[in-house]
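The structure under discussion appears below in the form of structure tokens.
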């Protein structure tokens, strides 16, 4: 997959280079007060592309960041709700005292033996 990405970017760079070589013309831009700026066409197209692309890219990253923050907050809240607190143990002073049981004494029967 990485190979296809590299191939795509190389192809795009090659096409941009061919476009730049074929359109290296000066374009007159009329500014205020009669000023005229001579700009190469590829540079003008690059600047206009970046003027439109960069604000939307910043907006996209801001929205993704905000959504990640909201998702992380929801995941933390869900994790807090999933934790089951253990049953409260009564304090030691309130535990009932049980006396230890004594073992039963064996019943011994004595029988007389006749000689």
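The values are calculated or read from the model by the stated rules, or taken from the named source; none is laboratory data. Here the structure is a predicted model, which means the values were calculated and not measured. Here Cβ is always computed from backbone atoms with ideal geometry, including for glycine, and neighbour counts include all displayed protein chains.
Does residue 87 meet the test of being exposed (fewer than 10 other Cβ atoms within 10 Å of the Cβ), under 36 Å from the mean Cα position of the chain (by Cα), at pLDDT below 95 and not in a helix (DSSP H, G or I)? Show your work before the answer.
Values: exposed (fewer than 10 other Cβ atoms within 10 Å of the Cβ): yes; under 36 Å from the mean Cα position of the chain (by Cα): yes; at pLDDT below 95: yes; not in a helix (DSSP H, G or I): yes.
Answer is yes for this residue.
Would you please name the residue that is nearest to the chain's Cα centre (by Cα), looking only at residues in the stretch 34-43 that are loosely packed, with under 10 Cβ neighbours inside 10 Å and modelled with pLDDT of 90 or more? Show your work before the answer.
Residues of the stretch 34-43 loosely packed, with under 10 Cβ neighbours inside 10 Å: 34-36, 38.
Filter once more, keeping what is modelled with pLDDT of 90 or more: 35-36, 38.
Numbers: 35: 50, 36: 49, 38: 47 Å.
Filtering first and then ranking leaves 38.
I'd like to check something: does the stretch 93-100 contain any residue that is at pLDDT below 95 and part of a helix (DSSP H, G or I)?
Checked the stretch 93-100: at least one residue is at pLDDT below 95 and part of a helix (DSSP H, G or I).
What pairs can you find where one residue is in the stretch 12-31 and under 13 Å from residue 45 (Cβ atoms), the other is surrounded by fewer than 10 Cβ atoms within 10 Å (Cβ to Cβ) and at pLDDT 90 or above, and their Cβ atoms are less than 8 Å apart, with a gap of 6+ or different chains?
Note: pairs meeting the criteria are 27/38; 29/36; 29/38.
Could you check residue 31 against (1) touching a helix residue (DSSP H, G or I) at 6+ places or on another chain (Cβ under 8 Å); (2) exposed (fewer than 10 other Cβ atoms within 10 Å of the Cβ) and say which number it fails?
Here residue 31 meets the rest and fails (1).
Considering (1) surrounded by 10 or more Cβ atoms within 10 Å (Cβ to Cβ); (2) at pLDDT 95 or above, say which one residue 51 fails and leave the rest.
(1)
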